[in-house]
């Protein structure tokens, strides 16, 4: 890259990384931020793993895992030479991928509880620091990008956690296993920005009944199957789900065998 493209890439980094910190590519108006694990490598795409609490009236929050990544590798290719740069718009629109993922039941709640309960030495001795390598961050209750409020707590380190943070290192290993498992089982990419919808099971039940009677069995089955992952269906709803699945021609992926 020429100096001009190096400077442009640096400006992209300075703009996008703070947005990843504040989950700016996720519309979380219908959800509260629970925690974030941010991975900032020197030469590969940065990744933010965010967990949100999706509100449910009269019930505990339903936790949602979102992976946001800036594909810096793809954008670097657009800046590799002045000639290649001319083929792309200015200013360069960053390539950001956002996925909503499914984690094993209870895993996100366990990770959130463990992180909130950690006891760490304040002012841990500084370790070595380098230009290359990977920086890591963990944050609790991170405010949105447009808010002036800071995170309730944000910790950062380079390569290895410092002495006295062994509990955090163990938590990170458990969290990475959960996140990578969810990433390996991912479905199609969600659009960016991703909107986390509030849960309204009563409305979903009502809509499913209307769709069933209108002959739209596939969508009715999807709604009832989703509700069944959180609450028990009534006998009538379970029977409706069973009939909708048969008339739609097969099982709904990720659905319930209620009934």
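The values are calculated or read from the model by the stated rules, or taken from the named source; none is laboratory data. Since the structure is predicted, the reported quantities are computational estimates derived from the model, not experimental observations. As a convention, Cβ positions derive from the backbone with ideal geometry for all residues, glycine included, and neighbour counts pool all protein chains shown.
Points to keep in mind about this one:
- Failed item in (1) touching a helix residue (DSSP H, G or I) at 6+ places or on another chain (Cβ under 9 Å); (2) exposed (fewer than 13 other Cβ atoms within 10 Å of the Cβ); (3) touching a residue at least 40 places away in the same chain (Cβ under 8 Å), with residue 121 passing the rest: (1)
Here's the yes/no breakdown for (1) assigned to a strand (DSSP E or B); (2) closer than 26 Å to residue 12 by Cβ; (3) at pLDDT below 80:
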| site | (1), (2), (3) |
| --- | --- |
| 83 | no, yes, no |
| 119 | no, no, no |
| 130 | no, yes, yes |
| 146 | no, yes, yes |
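- If you filter the stretch 13-28 down to residues that are touching a strand residue (DSSP E or B) at 6+ places or on another chain (Cβ under 8 Å) and either not in a strand (DSSP E or B) or not assigned by TED's automatic domain parsing to the domain that holds residue 88 (or both), you find that the one that is surrounded by the fewest Cβ atoms within 10 Å (Cβ to Cβ) is 17.
- Filter result (in a strand (DSSP E or B) and within 24 Å of residue 75 (Cα to Cα)) within the stretch 29-54: 37, 38, 39, 40, 41, 47, 48, 49, 50
- Residue ID - modelled with the lowest pLDDT, chosen from residues in the stretch 85-109 that are farther than 23 Å from residue 46 by Cα and either loosely packed, with under 13 Cβ neighbours inside 10 Å or not assigned by TED's automatic domain parsing to the domain that holds residue 35 (or both): 105
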